[in-house]
Structure formats: structure tokens, C-alpha cells
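Engineer: Pasting a structure here, questions to come.
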Amino acid sequence: MDYRINSFEEYQETYQRSVEQPEEFWADIADTFVWRKKWDKVLDWNFVEPKVKWFVNGKLNITENCLDRHLEKRGNKLALIWEPNDPKERFVRFTYRELHEKVCQMANVLKRNGVKKGDRVVIYLPMIPELAFSMLACARIGAVHSVIFAGFSHTAMADRINDAQAKVVITSDGLNRGSKQIPVKRVVDEAVADCPSVEKMIVVERVSWAVQMKEGRDVWYHEELEQVDKNCPAEEMDAEDLLFILYTSGSTGKPKGVVHTCGGYMVYTDYTFRNVFQYQESDIYWCTADLGWVTGHSYLLYGPLLSGATTLMFEGVPTFPDPGRFWQVIDKFGVNIFYTAPTAIRSLMASGLDHVLSYSLDSLRVLGSVGEPINEEAWYWYYIHVGKERCPVVDTWWQTETGGIMLSSLANVTPTKPGHAAYALPGVQPILVDQAGEEITENDQEGYLCVKFPWPGMIRTTYGDHERCRQSYFSSYKNLYFTGDGAKRDKDGLWRIIGRVDDVINVSGHRFGTAEIENAINQNKHIVESAVVGYPHDVKGQGIYAFVVCGDEIPQSPENLRAEVIETVVDQIGKIARPDKIQIVSGLPKTRSGKIMRRILRKIAEGETSNLGDTSTLLDPPIVDEIIKGAL
Ligand code: 6R9
């Protein structure tokens, strides 16, 4: 059965049914997959504990659905195209049959190195095919993958490895990113020195650098391959067994391990992929996200492969060797569906039109956006110059925690509106609430975005700490999942996402908790206290503005101190979290009870100092004047 929605009327009918009979609705979709054993009950849930179980007691393996079931009809169809960083290096293609074999081999390598069902495997790899093989290989044998974006520092990695108690790490000697080469294995070695749970490290050769291999712990992937079989039976998994952990920032402290499970995630990513992008059998599909983020998990790997699509994976960056790289790749492979982030669009806009006008882009049919609100200027540039006013732009709102797209237009099926994620997907029941948690029912109103009914792709827990999951998402408003985003429903009922309402900053589509960056900054021996806020940034969406208080006296020039603070953040988290602005202040604005008044700092960072709001609870008002005077 093909459950693709073909018209606006059909969308409305389907949506209605999905709300009135959610269990029947999802069961019909789930029925189209290969199950070793069907479920006893479709859904078992409450948002109090919270407890969410989909397809209870169903048994399956997601890789049988991504790979094996396609072999008969699509064995020779391309599953994965890999385009390297350097356009002079040759691309590589894998049919479904070849990908199946690669995954089985990698699965056997994992088994040979002691990985068993339920074990956690951390993957820290560049965007090379082995990253995709590794994720699927884990899923094949029932190990839980936790991919860490290969830009995080060794400290950040060690935290995540320890939280997940990972047994094995898969990495590479180095990586290529634009004109740079980065020594990956060295970062992992440093991380693993603080991670007693790690027994083995599997190293993929990418840049042919000499690396230190630790006897008894480290093995070369290519050497292991010679020892293993090309077949690997898929492990039978319960629908609610863990598929993966993906760490993401929240408003407090350290990142949390968002847990997704096998059955619901499979059904949800496949359904949303087909419908949002209106995927057709012969399409070449390209999602530019790194597999280290949830967008890569759901819409580069699992969703497309479940649907039997040809998915393109790109190792490089949009601006290397020049800012025409994306458009060149689209023409080279005849990409039909292109899914990227507003920050990439804005950075390419800034490089001028010539780069995009040099390519035909005739093959494109659908454009997608994800990760942060897309401003109208970027939306129109994308629509006019990339899509030639011919391709709908689907603005897809979702989160690591939601597993898949929640709000979006369906390409060419439902209307689009610049800056609007527009419609709830079937099965998704979003609501707006006010501060008190009362539902806002009228249109043309703003509020906090919540969801009132479970959907199959949703977060099940935060790894090793269920209470944290409850606290973070289910405690703000009774019986609701709280997204952390503010939203507006326009007069016609279309959704627009305004942005985070908690202490999360979205930098180039990557989430950072202000507390997480502050913790990092405070590791610097000269800093006694800091406060971090976001401010509007032309390319990144939001930039990071840090106010830092130095102990006693500044021991060196302010410039040196700033450089040191940056170094500390890069060391603790990674380059992606480096502050854009660092202001050295003698104190922070606090309430009498000692709370930092971030609201004021945010206004200062935004340059809106004429109206700071209520400052009556300020402990030391002159400090605010000092900060305003020194603002960057
Ligand atoms: C998929 C992903 C989630 C946060 C989310 C929101 C922001 C994502 C958006 C968007 C406006 C969109 N966000 N998509 N805001 N319009 N289309 O990005 O997951 O990294 O967990 O970030 O990103 O603020 O809460 P994740």
C-alpha cells in the first residue's frame, strides 16, 4: 500500500482520521513494513511518567526494512551515492545489494570485536560511507548507536561516551573538511583516556595518516574486513528496544541522551519522508546534514532507505572549493529533492548570485529547509534562485526529540507560506498554550508550542535518567509534551515557529544550552562567572554573546583573555560553540535573590537598550550602565 497523500483534500481527510482514530491510522501504516511478529497493542501511553510504547510486543529489525526487503525489487537500484570533499576525487555509489553487503560486513566486524545486542557503540566519523555502514551495522545486530558529530572536542566526547557507557568507538585516522585536514583519531585517543567502559576502537582509514594504534584495543577496519563473512542475520528486536541515543543540549547543564526506539521511529521517519518531500521512485534525494545530527539520522539515512530511495551523502562543505559546490553537485547527479538549512542558504547568499546562476538546477523539484526559522529574505532567495520559482519550499519544523518532521507543508500538496512550517503532519496534534498552560484556541495568536498526543517517532526517555526526560519535556504543562519553542498560529491556522523560549541558543541550526557554554567558560582559571545569551546573527541565525567576569584583576590584555576563553570553549565543547562576542564585565546584573537577569543581558546583546523592561528587582543597577557602555 502506498500511503502518500496526493491532494489538499486528502491531507485534510487523512489528518482528521489520524486524530479521530490514531491507533488505526498508524497501524495501517505500520502494516506495510516487515515485522517478525506483529504487535499486540498499537499504543500504550501517559504523559505523566511519561510512558510511551508503540506497537507493543512487535518484533522487527529496522535494517531488514531499510535493506533486505528492497533486494528483490531494488537490488540493483542505487541506495547511496557518496560525493567526497574534493571534487577531484571520484564519487562512490552503492546499490541496495552492495549496501546490504557492506552493512553485514561491518556488523560482523562489530561482533568480532565483542559487540552484542544492547551494547552502546559511539561513532565519531567524518561523512564517509563507513559512517552510514556503522549506524546500520549497529542496528543490524541490535547494538545502540550514538553518533557524535566529528567536530566536538575530546572533553565533550568523553562526557557522552561515559554517559552512554559505550563499549566500542568507531572512528577514522583523520578527516577532510574544505581545505583542512583534521586529526580525528588523536581527539578520540584523548577522550577515551577518560573512558573506562571503552574496550575496542575500530579505525577507518580516510586520510592515510600515521596514527598510534593501541595494542589490544585498536583495530583497523580494513584489516578486520578480511576476517569476516558477507552475511549477517538481522537480530530480532522488540519495537521498543533502543535504536539509538543522540545527545542534544537542553536549557540546563550537560547534554542529554535522547533515546529513540526501533518500531515507532521506523514507521514515523518513512511516513514523513514520503509525504513531506513527495518522494517518487526514480528521485535522487540529497539532504546536506551531517549524520551526526538528527536530520542526518532521519532524513539522510533511515527515512530515505526505508522508502527505497537513492540518498546522497556529501563529505564536504558548501563553500569548498567555491560557493557553487552545492549547485555543482545538484547538476552532477541530477538531484530532484534538496534538503538543507537556512544558515547554509544565508552564507551562500552572501557569496553572490554568480555561483548559483552558473548551474542549471533543472532537475530540482522540491526544496526543504530545517534547523531554525528561515527568514523571508533567505526563503525568497532559495525559492527564486535555486528553485527558479518552480519548486515548493517545505519548511520543516521538528527536533531531535520528535524523531521526525512534525510541522511542514507537503510539497506541491498543501500550500506553502514564507517563514511558516504551515501544517501539522497527520498524527501530530500540536497546541498552543499560554504561560499558565491554558490552551489558546483562537487563531492569530502566539504561545508556547506543545503536543498533546503521542506520535510514533517521539523521544522515549533520556538515557540513564528518566526523571530528566520528565522534567525537561513533560513537567512544564500537565499532560503535554513541551517543545521549548514559541510559535504563532496565523489567521488561517498555519504554524510559524518563532524560536526557543528557554535558554537554548540555535547557532547555525545547532543547539547549545547557555548553561553548557557557561560551564565551559567557567573552566578557565581567570573567569569567576559568566552569562551567555544569543543575539541575531546574519549568517548563523543566532550568535553567542558571552559576558565574563574576571577574578581580581585582568592578568593580561583583554584580547589575550578573550582568546583564552575561546580556547577553553573549543576545548570543552568544540569549535562550533565558540562565542562570537566576549565582553569582560566587572559584574553581572542579578536579582536580590542572586539570579542572573538574562532578560537584560539579552536586550543589551541585541542592542535594544532603550527599553530594558522591569529593572526594579536589580541588586546593583549601576552594573547595567557599565555593561551597556562596554557592549560590543
Ligand atoms: C531537526 C532539528 C530543534 C530546534 C527546534 C527549533 C529549531 C528546527 C525549525 C526550527 C524554525 C524550523 N528548528 N527546525 N525552527 N523552523 N523549520 O533541527 O533538531 O537540532 O534538535 O533542533 O531547532 O527551535 O526546537 P534539533
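The values are calculated or read from the model by the stated rules, or taken from the named source; none is laboratory data. The model shown is predicted, which means the values in this text are computed figures rather than measured ones. Cβ atoms come from the backbone with ideal geometry, glycine included; neighbour counts cover every protein chain shown. Quick note on the areas: whole protein, heavy atoms, side chains included, nothing else; ligands and nucleic acids left out. Shrake-Rupley method; radii C 1.70, N 1.55, O 1.52, S 1.80 Å.
Engineer: Could you check how many residues of region 449-476 are open to solvent by less than 50 Å² (accessible area, probe 1.4 Å), among the basic types (Lys, Arg) and not in a loop (DSSP other than H, G, I, E, B)?
Structural biologist: 1
Engineer: Taking the conditions exactly as written (open to solvent by 30 Å² or more (accessible area, probe 1.4 Å), out of contact with any His (no Cβ under 9 Å at 6 or more places or on another chain), more than 21 Å from LEU175 (Cβ to Cβ) and in contact (Cβ under 8 Å) with a residue 40 or more places away in the chain), does GLU235 satisfy them or not?
Structural biologist: Yes: the conditions hold for GLU235.
Engineer: Can we say THR310 is within 16 Å of the ligand (Cβ to nearest atom) and polar (S, T, N, Q)?
Structural biologist: no
Engineer: Can you report the number of residues in region 257-293 which are in contact with a Gly (Cβ under 7 Å, 6 or more places away or on another chain) and open to solvent by 10 Å² or more (accessible area, probe 1.4 Å)?
Structural biologist: The number of residues fulfilling the criteria is 3.
Engineer: For the list (1) buried (at least 24 other Cβ atoms within 10 Å of the Cβ); (2) near the ligand (Cβ under 9 Å from one of its atoms); (3) not hydroxyl-bearing (Ser, Thr, Tyr), I need the number of the one condition that GLY403 fails.
Structural biologist: The one condition GLY403 does not meet is (2).
Engineer: Do we find that VAL294 is at pLDDT 95 or above and within 15 Å of TRP381 (Cα to Cα) in this structure?
Structural biologist: no
Engineer: The conditions are (1) over 19 Å from ASP502 (Cβ atoms); (2) in contact with a helix residue (DSSP H, G or I) (Cβ under 8 Å, 6 or more places away or on another chain); (3) at pLDDT 95 or above, and GLN445 fails exactly one of them. Which is it?
Structural biologist: (2)
Engineer: Under 6 Å between Cβ atoms, at least 6 apart or on separate chains: pull out the pairs that start in region 366-383 with a residue that is closer than 16 Å to GLN399 by Cβ and end on any residue that is among the hydrophobic types (A, V, I, L, M, F, W, C) and surrounded by fewer than 22 Cβ atoms within 10 Å (Cβ to Cβ).
Structural biologist: So the pair list comes out as PRO373/ILE497.
Engineer: When you scan region 592-605, how many residues do you find that are in contact with a strand residue (DSSP E or B) (Cβ under 7 Å, 6 or more places away or on another chain) and open to solvent by less than 80 Å² (accessible area, probe 1.4 Å)?
Structural biologist: Matching residues across region 592-605 total 5.
Engineer: Moving to a separate point now. For the subset of region 471-508 comprising residues that are within 18 Å of the chain's Cα centre (by Cα) and on the phi > 0 side of the Ramachandran plot, which member is farthest from the ligand (Cβ to nearest atom)?
Structural biologist: Here the answer is SER508.
Engineer: Continuing with the same structure: Given the conditions (1) touching an Asp or Glu at 6+ places or on another chain (Cβ under 7 Å); (2) open to solvent by 60 Å² or more (accessible area, probe 1.4 Å), and given that ASN412 satisfies all but one, which numbered condition is not satisfied?
Structural biologist: That leaves (1) as the condition not met.
Engineer: Something else now. Out of (1) within 16 Å of the ligand (Cβ to nearest atom); (2) touching a Pro at 6+ places or on another chain (Cβ under 9 Å); (3) at pLDDT 95 or above, the odd one out for PHE453 is which?
Structural biologist: Every condition holds for PHE453 apart from (1).
Engineer: Out of THR396, THR340, report the one residue that is among the β-branched types (Val, Ile, Thr) and closer than 15 Å to ILE497 by Cβ.
Structural biologist: THR396
Engineer: Name the single residue, out of those in region 575-596 being at pLDDT 90 or above and in a loop (DSSP other than H, G, I, E, B), that is farthest from the chain's Cα centre (by Cα).
Structural biologist: SER586
Engineer: Check VAL228, VAL276, VAL267 and return the single one that is touching a helix residue (DSSP H, G or I) at 6+ places or on another chain (Cβ under 7 Å), of a type in the set (Val, Ile, Thr), within 30 Å of ASN6 (Cα to Cα) and in the same structural domain as VAL52 (by the TED database).
Structural biologist: After applying the criteria, what remains is VAL267.
Engineer: Could you look through region 509-523, keep only residues that are open to solvent by 30 Å² or more (accessible area, probe 1.4 Å) and within 20 Å of the chain's Cα centre (by Cα), and pick out the one that is nearest to the ligand (Cβ to nearest atom)?
Structural biologist: In this case the residue turns out to be ARG511.
Engineer: Next question, about the same structure. Across region 411-439, which residue is nearest to the ligand (Cβ to nearest atom) among those that are at positive phi and out of contact with any helix residue (DSSP H, G or I) (no Cβ under 9 Å at 6 or more places or on another chain)?
Structural biologist: Only one residue tops the list, namely ALA422.
Engineer: Checking the conditions here, which among GLU24, GLU49, GLU10 is closer than 20 Å to PRO454 by Cβ, among the acidic types (Asp, Glu) and surrounded by 13 or more Cβ atoms within 10 Å (Cβ to Cβ)?
Structural biologist: Sole residue among the options that is closer than 20 Å to PRO454 by Cβ, among the acidic types (Asp, Glu) and surrounded by 13 or more Cβ atoms within 10 Å (Cβ to Cβ): GLU49.
Engineer: Okay, moving on. Among the candidates PHE133, PHE152, single out the residue that is open to solvent by 10 Å² or more (accessible area, probe 1.4 Å) and of a type in the set (Phe, Trp, Tyr).
Structural biologist: PHE152
Engineer: Does VAL204 count as in contact with a Ser or Thr (Cβ under 9 Å, 6 or more places away or on another chain) and surrounded by 15 or more Cβ atoms within 10 Å (Cβ to Cβ)?
Structural biologist: Taking the combined requirement at face value, the residue satisfies it.
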